[in-house]
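Working notes, structure below.
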Amino acid sequence: MGARRIDRALPIPYYFQIAEILRGLIAEANLGPESDMPLPSENELCDLYSVTRATVRHALDLLEREGLLYRRKGKGTFLRRRVQLDLARLSSTTKDMRARGWVPATRVLSVREISAARHIQHELRIPDPPLVWEVHRLRLGNGEPISLQWSYVPCSRTPGLDRHDLTGSLYDTLHSAYGMDLRTADQVIRTRLATDEEALLLEIPSAAPVFAIERTSFDQAERPVEYLHALWRGDRYDLQIHLAS
């Protein structure tokens, strides 16, 4: 923490310089999947950088709004490493979390047969009546809610889907029970604010920013299998993609 100091000759507010130093710590620290870094107390930061407590709080408030730290009552303030979500790779949430060394878990909120909205019917290319399974799930990593997901799958191709265990990978179930291997996908990414109900499930503040991803996945025969609407916590994830000319 003491390697960098604020530069009092610069016309940059002290709180912003402190925030930049802490951002650098997040980028440089080699943190394990469960080891968010504790920060010194506000008083210790005041002494370290020779600034007022109001300046330190301003810096911490800024980083908290960016999702780079969080406070635990009675325990202190912790830096939080953000997780990169690779947009160029089609992978189940369960497989992705295991690859990170996390313990995945799923809370199934509902499974029901419904008549698909017109845009879902169009994406899945299903005729009338457009019956689909709606699988609504909360995904967790190391016990922390990270994503809310609504999966829509044609009933005609997946009879009895509601009788399967959907607390694991839906991709694995589609493969083992129905012979479908998801190979490619088209997706659209937007940002929006979480509703009160979504925020409660994701354990984030009301109206916190989330990534909203809509994805249509195709099987080995290039037939659409799943339409997914997923919300990812904006305070936990960065979106990553490799580009080449």
Pick from Glu123, Glu113: which is in the same structural domain as Gly179 (by TED's automatic domain parsing), charged (D, E, K, R), closer than 15 Å to Pro224 by Cα and not in a loop (DSSP other than H, G, I, E, B)?
Glu123
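Does Leu231 satisfy the condition of being farther than 26 Å from Arg125 by Cα and crowded, with 16+ Cβ neighbours inside 10 Å?
Details: farther than 26 Å from Arg125 by Cα: no; crowded, with 16+ Cβ neighbours inside 10 Å: yes.
In short, no.
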Name the single residue, out of those in region 180-227 being within 24 Å of Leu131 (Cβ to Cβ) and of a type in the set (Lys, Arg), that is farthest from the chain's Cα centre (by Cα).
Arg223
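Conditions (1) buried (at least 19 other Cβ atoms within 10 Å of the Cβ); (2) among the charged types (D, E, K, R); (3) more than 18 Å from Arg215 (Cβ to Cβ); (4) in contact with a Pro (Cβ under 9 Å, 6 or more places away or on another chain), marked per residue:
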{"position": "Trp150", "(1), (2), (3), (4)": "no, no, no, no"}
{"position": "Gly160", "(1), (2), (3), (4)": "no, no, yes, no"}
{"position": "Ser176", "(1), (2), (3), (4)": "no, no, yes, no"}
{"position": "Arg183", "(1), (2), (3), (4)": "no, yes, no, no"}
{"position": "Ala194", "(1), (2), (3), (4)": "yes, no, yes, yes"}
{"position": "Glu203", "(1), (2), (3), (4)": "no, yes, yes, yes"}
Which of the numbered conditions does Gly74 fail, given that it passes all the others? Conditions: (1) assigned by TED's automatic domain parsing to the domain that holds Ser217; (2) farther than 15 Å from Trp232 by Cβ; (3) in a loop (DSSP other than H, G, I, E, B).
(1)
Residue pairs meeting the criteria (Cβ under 7 Å; at least 6 apart or on separate chains; first over 20 Å from Pro145 (Cα atoms) and in contact (Cβ under 8 Å) with a residue 60 or more places away in the chain, in region 230-245; second part of a strand (DSSP E or B) and polar (S, T, N, Q)):
Gln240/Gln84
When (1) surrounded by fewer than 19 Cβ atoms within 10 Å (Cβ to Cβ); (2) farther than 16 Å from Val108 by Cβ; (3) in contact with a helix residue (DSSP H, G or I) (Cβ under 8 Å, 6 or more places away or on another chain) are applied to Leu239, the one that fails is (3)
Is it fair to say Thr167 is within 19 Å of the chain's Cα centre (by Cα) and either assigned by TED's automatic domain parsing to the domain that holds Val103 or more than 25 Å from Asp235 (Cβ to Cβ) (or both)?
yes
Exactly one of Glu123, Glu144 is of a type outside the set (Gly, Ala, Ser) and either at pLDDT 95 or above or over 27 Å from the mean Cα position of the chain (by Cα) (or both), and that one is Glu123
Residue list for region 126-161, restricted to those being in contact (Cβ under 8 Å) with a residue 40 or more places away in the chain and in a loop (DSSP other than H, G, I, E, B):
Asn142, Gly143
Among the residues listed as Thr167, Thr184, the single one being touching a residue at least 60 places away in the same chain (Cβ under 8 Å), in contact with a strand residue (DSSP E or B) (Cβ under 6 Å, 6 or more places away or on another chain) and within 21 Å of Gln220 (Cβ to Cβ)
Thr184
Qualifying positions in region 205-219 - of a type in the set (Gly, Ala, Ser) and either surrounded by fewer than 17 Cβ atoms within 10 Å (Cβ to Cβ) or over 22 Å from Leu161 (Cβ atoms) (or both):
Ser206, Ala207, Ala208, Ala212
Inside region 86-102, can you point out the residues that are out of contact with any Asp or Glu (no Cβ under 9 Å at 6 or more places or on another chain) and either in a loop (DSSP other than H, G, I, E, B) or touching a residue at least 12 places away in the same chain (Cβ under 8 Å) (or both)?
Leu87, Ala88, Leu90, Ser91, Thr93, Met97, Arg100
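The values are calculated or read from the model by the stated rules, or taken from the named source; none is laboratory data. Predicted model, so just to flag it, every value in this text is computed and none were measured. Ideal geometry is used to build each Cβ from the backbone, glycine not excepted, and the neighbour counts take in all protein chains shown.
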